[in-house]
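The values are calculated or read from the model by the stated rules, or taken from the named source; none is laboratory data. Being a predicted model, the structure only gives us computed values, none of them experimental. A quick note on method: Cβ atoms are made from the backbone with ideal geometry, for glycine too, and the neighbour counts reach across all protein chains shown. Keep in mind that these areas ignore ligands, DNA and RNA; they rest on the heavy atoms of the full protein, side chains included. Shrake-Rupley method; radii C 1.70, N 1.55, O 1.52, S 1.80 Å.
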There are 2 protein chains.
Amino acid sequence: MERIQKQMDFLFEIDKMKDVFRQSLVVKGKREENDAEHSWHMALVALTIKEYFKAEMNLEKALKMILIHDLVEIYAGDTPAFGQERPNKKSEEIKAAKRIFSLLPADQEKHFLNLWLEFEECESNEARFANVCDRYQGFMQNLTSDGHTWKKFNVSMEKVLKRAEPIKKYTPELYEKYMLPEFLKYKERGIIK
Amino acid sequence: MERIQKQMDFLFEIDKMKDVFRQSLVVKGKREENDAEHSWHMALVALTIKEYFKAEMNLEKALKMILIHDLVEIYAGDTPAFGQERPNKKSEEIKAAKRIFSLLPADQEKHFLNLWLEFEECESNEARFANVCDRYQGFMQNLTSDGHTWKKFNVSMEKVLKRAEPIKKYTPELYEKYMLPEFLKYKERGIIK
């Protein structure tokens, strides 16, 4: 019973993801997106664009990473992609990861913590793909909100291109055919500086 | 490019899941839960309670079903678990499934539609497990809202037990050790009638 109770404590705690808000707008600019919605949409991005990632990859593992990657924000908060850098972000997120996964039985704690660390390191193929999906989902929410976060943070093309680097590197067809042309349109309109 | 555009049209359309609301309350009763949040939380339920489902099962496939199972509600709306029965629910949802997946390239349309139909039929092990997770997530949201949907629909123990049948059948340890004792507590308090 103690094992089940720990699993339930974890599943109850992560309900808080529905109350961690990001900068992206959803539903035609109606309101900000929360981390639960972002993680779900990002998983759907993964299922839909997988073909553009050419390296061998275990989709189940990538989906797990996607589903848990933002749990740390329950305690560490969201760090906007184009906002001010937070010098303590990494240490705060590691602390948060240890805290959230410690609710689980030891074997699951270890499994989830390792998956989260692997996502952060972005060196395995699964972690690279999950990072592509993370950034691509943020990009998409900009397209459906007339460049909301680009406008809000007065973002330069240099910063936009930097943020898109994993997409250019790991899913180049998607980048060349769809993403870069959109960047250029928003630059032309003066929304990307 | 036409292929990518279709995939993008699908990924933009499903943003609407964040605006389809269920009866369950989230974040300590703050507001109703939407389908994107529900699908994400249900995927986390799957990752956490998988060990109680003893039959052989492909987790990647089950996760896919979980992630897409409620997309039909963008057009067909949510049907509350304990609300009035909707006689046309099945036909409306099939129509909605065809509509949403038709946005995708033909191979993906077929793949997602088949997964959705398999979930609905609830006969494969993956579909059974996904259905367990669906009902279990709804149960959990009742525990964090003092039985909100049980109260709202004045639900009898008979209905609660009927709804829990897949959990009893396919994850019996979870049912016996955790779920049934909770039902009995809520019955004792007069919240389940």
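Looking at B:Ile68, B:Ile94, can you tell me which residue is buried (at least 20 other Cβ atoms within 10 Å of the Cβ), modelled with pLDDT of 95 or more and either under 17 Å from the mean Cα position of the chain (by Cα) or at the interface with another protein chain (Cβ under 9 Å from one of its Cβ atoms) (or both)?
B:Ile68
For segment B:125-154, which positions are closer than 12 Å to B:Ile192 by Cα, in a helix (DSSP H, G or I) and away from chain A (no Cβ under 14 Å)?
Once the filter is applied, which keeps residues that are closer than 12 Å to B:Ile192 by Cα, in a helix (DSSP H, G or I) and away from chain A (no Cβ under 14 Å), segment B:125-154 yields B:Thr149, B:Trp150, B:Lys151, B:Lys152.
Any residue at all in segment B:35-43 that's part of a helix (DSSP H, G or I), hydroxyl-bearing (Ser, Thr, Tyr), under 15 Å from the mean Cα position of the chain (by Cα) and on the phi < 0 side of the Ramachandran plot?
Among the residues of segment B:35-43, at least one is part of a helix (DSSP H, G or I), hydroxyl-bearing (Ser, Thr, Tyr), under 15 Å from the mean Cα position of the chain (by Cα) and on the phi < 0 side of the Ramachandran plot, which makes the answer yes.
Select, from A:Tyr178, A:Tyr186, A:Tyr136, the only residue that is buried (at least 20 other Cβ atoms within 10 Å of the Cβ) and free of Cβ contacts under 8 Å to residues at least 12 places away in the same chain.
Sole residue among the options that is buried (at least 20 other Cβ atoms within 10 Å of the Cβ) and free of Cβ contacts under 8 Å to residues at least 12 places away in the same chain: A:Tyr178.
Does segment B:110-125 hold any residues that are over 20 Å from B:Asp35 (Cβ atoms) and open to solvent by less than 70 Å² (accessible area, probe 1.4 Å), and which are they?
Of everything in segment B:110-125, those that are over 20 Å from B:Asp35 (Cβ atoms) and open to solvent by less than 70 Å² (accessible area, probe 1.4 Å) turn out to be B:Ser124, B:Asn125.
Any idea which residue in segment A:47-63 is nearest to the other protein chains (Cβ to nearest Cβ), counting only those that are part of a helix (DSSP H, G or I) and open to solvent by 30 Å² or more (accessible area, probe 1.4 Å)?
Checking each candidate, the answer is A:Glu60.
In this structure, does A:Glu165 turn out to be among the acidic types (Asp, Glu), surrounded by fewer than 16 Cβ atoms within 10 Å (Cβ to Cβ), in contact with a helix residue (DSSP H, G or I) (Cβ under 9 Å, 6 or more places away or on another chain) and more than 18 Å from B:Met8 (Cα to Cα)?
It is true that A:Glu165 is among the acidic types (Asp, Glu), surrounded by fewer than 16 Cβ atoms within 10 Å (Cβ to Cβ), in contact with a helix residue (DSSP H, G or I) (Cβ under 9 Å, 6 or more places away or on another chain) and more than 18 Å from B:Met8 (Cα to Cα).
Residues that are in contact with a Leu (Cβ under 7 Å, 6 or more places away or on another chain), surrounded by fewer than 21 Cβ atoms within 10 Å (Cβ to Cβ) and without any contact (Cβ under 8 Å) to a residue 60 or more places away in the chain: does segment A:39-46 have at least one?
Among the residues of segment A:39-46, not one is in contact with a Leu (Cβ under 7 Å, 6 or more places away or on another chain), surrounded by fewer than 21 Cβ atoms within 10 Å (Cβ to Cβ) and without any contact (Cβ under 8 Å) to a residue 60 or more places away in the chain, which makes the answer no.
In segment A:85-123, which residues are hydroxyl-bearing (Ser, Thr, Tyr) and either touching a residue at least 12 places away in the same chain (Cβ under 8 Å) or assigned to a helix (DSSP H, G or I) (or both)?
Passing the criteria: only A:Ser91.
What's the number of the only condition in (1) more than 14 Å from chain A (Cβ to nearest Cβ); (2) touching a Lys or Arg at 6+ places or on another chain (Cβ under 8 Å); (3) farther than 29 Å from A:Asp9 by Cβ that B:Leu115 fails to meet?
(1)
Go through (1) open to solvent by less than 10 Å² (accessible area, probe 1.4 Å); (2) aromatic (Phe, Trp, Tyr); (3) under 19 Å from the mean Cα position of the chain (by Cα) for A:Phe82 and report which single condition fails.
Condition not satisfied by A:Phe82: (1).
Being among the polar types (S, T, N, Q) and open to solvent by 30 Å² or more (accessible area, probe 1.4 Å) is the filter here, so list the residues in segment A:14-29 that pass it.
A:Gln23
Looking only at segment A:1-30, how many residues end up being at positive phi and either more than 7 Å from every other protein chain (Cβ to nearest Cβ) or part of a helix (DSSP H, G or I) (or both)?
Qualifying residue count for the region: 2.
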